[in-house]
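First comes the structure, then the notes that go with it.
Each value in this text was obtained by applying a stated rule to the coordinates, not by laboratory testing. Model, not experiment: these values are computed from the prediction. Cβ atoms come from the backbone with ideal geometry, glycine included; neighbour counts cover every protein chain shown.
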Amino acid sequence: MITRVTPADPGFGAVAELFDDYRAHYGLQRGFLGTRRWLQERADSGFRLYAAQHAGRPVGFGTVATVPASLTLGTVWMLRDLWVDPAHRGAGHGRALVAHVLAEARAAGARRLSLTTEHDNTAAQSLYRSLGFEPVEGFLTFNAAL
């Protein structure tokens, strides 16, 4: 089951713990209180947080930012983070999360749902392609470290 989670929900803390695990997976130092505060601040500014539940406990999450699509005078949804606890992978939680976000984006009238993943994350690429995502050719992503 997929649910949208807000800071007012009783399960928000459990999702924040899972988000902390996600950060640790990428080599960042754990910090539950900072992670929870950051998620709460994002939620207060419109960031969407979705959780995949199993046996009443979150086992995965997805985060979504909405941004203006200026040329089409609409919005674009960006799936920023997708994570399923390694012990629960292969059970369809990631697929369910992405499919749920796709459905919500369509219902909200978003122009598109965008996401990024690493070049070597072939499992994620396979999942995304199976759900109708296509790679965007001809663009480069640039960042400026601040």
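Explain nothing, just the number: dipole magnitude of region 2-130 about its Cα centre with +1 on each Lys and Arg Cβ and -1 on each Asp and Glu Cβ, in debye rounded to the nearest 20.
Values: 15 positive and 11 negative charges, 61 e Å.
Roughly 300 debye, rounded to the nearest 20.
Pairs of Cα atoms under 8 Å, at least six residues apart: use those to get the relative contact order of region 1-89, whole percent.
Taking the mean separation of contacting Cα pairs over the length of region 1-89, I get 27 percent.
With the chain treated as a Gaussian network of Cα nodes joined by springs under 10 Å, which of Thr66, Thr122, Thr75 yields the largest mean-square fluctuation?
Looking only at Thr66, Thr122, Thr75, the largest GNM fluctuation is found for Thr122.
Run a plain Debye calculation on the chain (Cα atoms as equal point scatterers, no solvent) and give log10 I(q)/I(0) at q = 0.10, 0.16 Å⁻¹, rounded to two decimals, same order as the q list.
-0.35, -0.95
For region 57-146, give the magnitude of the charge dipole about the Cα centre (Cβ charges: +1 Lys/Arg, -1 Asp/Glu; no others), in debye to the nearest 20.
Here the size comes out at about 280 debye.
Compute the Cα gyration tensor for region 1-70, then decide on rounded, prolate or oblate, letting a ≥ b ≥ c be the square roots of its eigenvalues: rounded whenever a/c is under 1.5, prolate when a/b is larger than b/c in the other cases, and oblate in all that remain.
Oblate is the answer for region 1-70, as a/c is 1.5 or above yet b/c matches or exceeds a/b.
Which value in nm describes the separation of the simple spin-label points at Phe47 and Ser130, placed 7 Å from the Cα toward the beta carbon?
Result for the modelled spin labels: 2.9 nm.
Could you list Phe139, Phe19 in order of exposure, starting from the residue whose Cβ has the fewest other Cβ atoms within 10 Å?
Fewest to most other Cβ atoms nearby, the residues stand as Phe139, Phe19.
Give me Asp21, Asp120 ranked fewest to most by other Cβ atoms within 10 Å of their Cβ, as a rough exposure proxy. Let's see the in-between values first.
Details: Asp21 13, Asp120 8.
Ranked by crowding around the Cβ, least crowded first: Asp120, Asp21.
Toward the positive end of the charge dipole of region 73-146, about the Cα centre and with charges on Cβ (Lys, Arg +1; Asp, Glu -1), which of Ala91, Ala123, Ala110 goes farthest?
My answer, from the dipole projection, is Ala110.
Per DSSP H run of at least 4 residues, take -39500 (n - 2.57); add these up for the chain, divide by its residues and hand me the 222 nm value, nearest 500 deg cm²/dmol.
-11000 deg cm²/dmol
Which whole-number percentage describes the relative contact order of region 24-146, with Cα contacts under 8 Å and a sequence gap of 6 or more?
18
Using the Karplus curve 6.51 cos²θ - 1.76 cosθ + 1.60 with θ = phi - 60°, work out ³J(HN,Hα) for each residue of region 20-27 in order, rounded to whole Hz, and write x for Gly and Pro.
Each residue's phi maps through the Karplus curve to give 5, 4, 4, 4, 5, 4, 8, x Hz.
Fewest first, what order do Thr141, Thr116, Thr6 take by the number of other Cβ atoms within 10 Å? Please list the in-between numbers first.
Working: Thr141 6, Thr116 11, Thr6 14.
The fewest-first ordering by Cβ neighbours comes to Thr141, Thr116, Thr6.
So how tilted is helix 32-44 from the main axis of the chain? Cα-based, degrees 0 to 90, rounded to 10.
Value to nearest ten degrees: 50.
From the Cα gyration tensor of region 101-146, with a ≥ b ≥ c the square roots of its eigenvalues, which class applies: rounded if a/c is under 1.5, or else prolate if a/b is larger than b/c, or else oblate?
Note, shape of region 101-146 comes out oblate.
Determine the distance separating the Cα centre of region 1-22 from the Cα centre of region 106-146; give it in Å without decimals.
Each part reduced to its Cα centre gives a spacing of 24 Å.
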